[in-house]
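Engineer: Got a structure for you, written out below as structure tokens; questions coming shortly.
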Amino acid sequence: MSAQEVRSDAQPASDGREPPARPALQVLLDALAIPALVLNADGSVGMHNAPAASLLTLGPDKSLGLHVHDGTDLWTVISARADEANPPFDLHFKLRVADGQVSDMTLLIAPLRAVGGSLGGAIIMVLDALATRVRGLAAVDAGAPSGGLTALVQRLGELTGASSTFVIEVGRGFGAEAAVVASWSRDAAALPVGPLDVRGTPSDAFAGRRFVCIPEGLQDAYPSDGLFRDEGYEAYAGVVLLDGMGEQVGVMAALWHAPIVDVPAVTAVFTITSVWATRLLRDLIAQRELRESEQRYSAVFEGSAVPILLVDPETTQVVDANPAACDFYGYTRDELLTMSALQTDAHSAEMVHAEFKRAAAGARVRFASKHLLSEGKIRDVEISVGPINVGGHQLLYLMIHDITERKLMESELERSKRNLEFIVGQRTEDLLRTNAELQQASMARDMVFASLARELRTSLQTITGFSDVLLRGTAGSLNEEQRRQIEMIAAAGRELSGYATSLLESGRAETSRVGLEPEVFDLVGLVESVLFGLSSFAEEKRLTLRMVAEERPVEICTDRFMCQQILLNLLSNAIRYTERGGVTVTVARLDDHRCSVAVSDTGPGIERGRVETLFQGPEIHTAAAGIGLPASMRTADLLKGTIEVESTPGRGSVFTLVLPTSAIGDCEPSATP
């Protein structure tokens, strides 16, 4: 559209000729509620609507137009952008209005092309003028989007001379399914409102484009479309409608039975009308989504088996309650609507207000509380609180979960757990104590038996030795009867001595034949169990009993039972011979292949000369000498370990069991951390 094609009410065309009128554009401009105007090819105002009048000021050349406050030539900017931007495009300026004030405004520019493609003018719409004085007329009823769209497509058809106009809603990315939301027809029935298949139609051509125009040959371009063929449509024009995020949500289109004569005028009308169509379609979609959301909310709210309250976050007033909440609290809905949420909560008002404040700020809150029912009962509840918009009001939803029975079960389980732990602890302590006593008794029996066998063998050696002396005649000659009887004594002595020797050898052989049963276990845990079993023994003597372990676990692979016997012997001796102070057990990893358990006491200590004979049998039963030490050393030998002793008379002793981390080659504990 050139400057000669647009009539200006302010001045004639530059060549003195009266340009042809464009009543359709002027009618459309006058119908818009936002300021809109048409510029000629030289940047002068060709026509404008009433809301734009207060934006027009006189420039340096005394011409009436839009003027940027800093003197920037608006038409120069539009001319530069029109060649490089896809129309329409936005410009942001501070404009000086008629009363001298300056306002931030966004201008939607739709360039108009003359014959040959040169810039012939532009349509400008002011989208966000701040002054309310420029808001005047309403093109359609904004309160009724569907009805407004119907009126809008009718006006579009009247202004463009189209045979049929319509608005369709499409899915994201222009899927096959669409829906006609408004339509108008000049001489035939309007398109039915409802689902529509847009495959094989001009709607497929909108990928990456805002405006599509087929001025003629529509049936040739889309021969498979029955509507175009049956109704005889020849031309098509359509513009994409976008949502607030720039996503394509609809198309406003028109159909003609004859070719389009004035394509620039149709383009301009579509550009202007699409602004209102976009807003109306957005409102229609928003109202539908709000209605569907409220329907879903109502179905969930009323049908939920979980008690739900809606509460005003500021006043804590109950705004609504579902049937499940009425059943739970024992109040009618009308009674609950007169109450505050604080009346049902047994906790302090400050705590409830704090939780509501967090939820109102957008955080989903869950907290435990106690709620009062109508009959005075108190129930343990878990409350989920979050913000919700209902009917344009920001409220909080409270979902109440009755956890009274669960809390009772948890309390009962905790009580049963504590009782069970106490019983198991007692039984474990009894078993450990009994086991230790049995082991001590067994070792004492073995020691007594070994000592008795040695003493018996010593006495028998005396008997058999003197018998041999008598038989050799050293003490004098014997008659036959005397010799026979002494030989009988010597034979019986040798027989008993051999029996005692065999018993001793059998005991040693039995010890040496004990098979190892290695397993991987935590040495610290084993020490703890032994200490636990001997804790009552130490308590009876009022001794402290503690363990030191800088590293845990200290894994070892050996015979757990044998290791336990050694520790029982060492600890029992330490407690038995200590009268004051206590016993400390230190577990340490010496290197990658060895670990140790040191038992330190504050007992009387052992004299240096006696330390060297502690592990030599027979067992020594004097004070501070220790019981079962020879057997413990033999067991340590079987485990490929040893027992080391450090003792200071009057200050105590330290017995250290040193063991390899693996007693056999095919049993390896975990690597050192």
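Engineer: Identify, by number, the condition in (1) within 30 Å of residue 114 (Cα to Cα); (2) not in a helix (DSSP H, G or I) that residue 265 doesn't meet.
Structural biologist: The number of the failed condition is (2).
Engineer: Right, next: Considering only residues of segment 650-662 that are at pLDDT below 90 and within 16 Å of residue 582 (Cα to Cα), which is surrounded by the fewest Cβ atoms within 10 Å (Cβ to Cβ)? Please lay out each step first, then the result.
Structural biologist: Quick first cut of segment 650-662, residues at pLDDT below 90 only: 650-651, 661-662.
Now drop any that are not within 16 Å of residue 582 (Cα to Cα), which leaves 650-651.
On the way: 650: 7, 651: 12.
Here the answer is 650.
Engineer: Continuing with this model, one more query. Counting only residues that are under 20 Å from residue 29 (Cα atoms) and hydrophobic (A, V, I, L, M, F, W, C), which one in segment 92-115 is modelled with the lowest pLDDT?
Structural biologist: Residues of segment 92-115 under 20 Å from residue 29 (Cα atoms): 97-98, 105-113.
Still in the list and also hydrophobic (A, V, I, L, M, F, W, C): 97-98, 105, 107-110, 112.
Working: 97: 74, 98: 67, 105: 79, 107: 83, 108: 83, 109: 85, 110: 82, 112: 81.
That would be 98.
Engineer: Could you go through segment 547-564 and let me know if any residue there is closer than 24 Å to residue 650 by Cα, not in a helix (DSSP H, G or I) and not hydroxyl-bearing (Ser, Thr, Tyr).
Structural biologist: The answer is yes; a qualifying residue exists.
Engineer: Okay, next question. So if I check each of 274, 304, 224, which one is farther than 29 Å from residue 27 by Cβ, at pLDDT below 85 and under 48 Å from the mean Cα position of the chain (by Cα)?
Structural biologist: 304
Engineer: Scan (1) over 30 Å from residue 358 (Cβ atoms); (2) touching a Lys or Arg at 6+ places or on another chain (Cβ under 7 Å) for the single condition residue 386 breaks and write down its number.
Structural biologist: In the conditions (1) over 30 Å from residue 358 (Cβ atoms); (2) touching a Lys or Arg at 6+ places or on another chain (Cβ under 7 Å), residue 386 misses (1) alone.
Conditions (1) touching a Cys at 6+ places or on another chain (Cβ under 9 Å); (2) exposed (fewer than 15 other Cβ atoms within 10 Å of the Cβ), marked per residue:
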position: 202; (1), (2): no, no
position: 216; (1), (2): no, no
position: 247; (1), (2): no, yes
position: 260; (1), (2): yes, no
position: 265; (1), (2): no, no
position: 280; (1), (2): no, no
position: 288; (1), (2): no, yes
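Engineer: Residues that are at positive phi and in contact (Cβ under 8 Å) with a residue 40 or more places away in the chain: find the helices (runs of 4 or more DSSP H) completely inside segment 305-391 holding 1 or more of those.
Structural biologist: Values: elements: 323-329, 333-336, 349-360.
Here the list is empty.
Engineer: Say we look at segment 218-245 and pick out the residues that are within 16 Å of residue 157 (Cα to Cα) and in contact with a Pro (Cβ under 9 Å, 6 or more places away or on another chain); which of these is surrounded by the fewest Cβ atoms within 10 Å (Cβ to Cβ)?
Structural biologist: First pass over segment 218-245, keeping only residues within 16 Å of residue 157 (Cα to Cα): 233-239.
Still in the list and also in contact with a Pro (Cβ under 9 Å, 6 or more places away or on another chain): 234-238.
Values: 234: 19, 235: 22, 236: 25, 237: 25, 238: 27.
Top of the filtered list is 234.
Engineer: Looking at (1) surrounded by fewer than 18 Cβ atoms within 10 Å (Cβ to Cβ); (2) modelled with pLDDT of 80 or more; (3) in contact with a Phe, Trp or Tyr (Cβ under 8 Å, 6 or more places away or on another chain), find the lone condition where residue 80 falls short.
Structural biologist: The number of the failed condition is (3).
The values are calculated or read from the model by the stated rules, or taken from the named source; none is laboratory data. Note that the structure is predicted; figures quoted are calculated from it, not measured. Counting neighbours? That spans all protein chains shown, and the Cβs are built from the backbone with ideal geometry, glycine included.
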